[in-house]
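Read-outs throughout are calculated quantities, based only on the coordinates presented, and are distinct from any laboratory measurement. These numbers were taken from a predicted model, which means no experiment stands behind them. In this analysis, Cβ positions are derived from the backbone assuming ideal geometry, glycine residues included, and neighbour counts consider all displayed protein chains.
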Amino acid sequence: MELPLRGPKPSDVGDDLEAARQWAAQLGAGRHGDTRYPLQRTSVAGRCIGRHAIPARALVTSFDQAWALLGVAASIRHFDGLVEHGAGLPRTTQDADPVRWPKGQQQ
């Protein structure tokens with residue numbers, strides 16, 4: 001999934017280059033080495049600032065990245081554990097056998 005980023009326009013970069021750099025640095029730090037999202041960059045140019053590559057899109061390529069980005073990874077792991085635990089249980093009450101007789105002694 002590609003998430004477009006609303007970044008500074010070339011005129012914004014020219015007006016406050018340091019703010020644009022901080023914005024890009026914060027996005028870069030949030031990537032956590034691309035474990036949360038890699039960034040696609042685009043080139044912007046202005047008369048006063050020259051050409052700069054700024055983040056344009058964050059790419060979320062796996063569910064693990066999405067869960068980490070949303071801050072719900074621990075909840076997902078807990079839910080997955082509950083699902084695994086319940087995998088051997090009857091799916092409906094109709095499937096349940098309230099009294100399990102030893103094999104060969106069923107009535």
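General remarks:
- Modelled FRET efficiency - R0 30 Å, ARG21 with PHE79, Cβ distances, 0.05 increments: 0.15
- For the stretch 2-61, the spread of Cα coordinates along the three principal axes comes to 36, 18, 15 Å, biggest extent given first.
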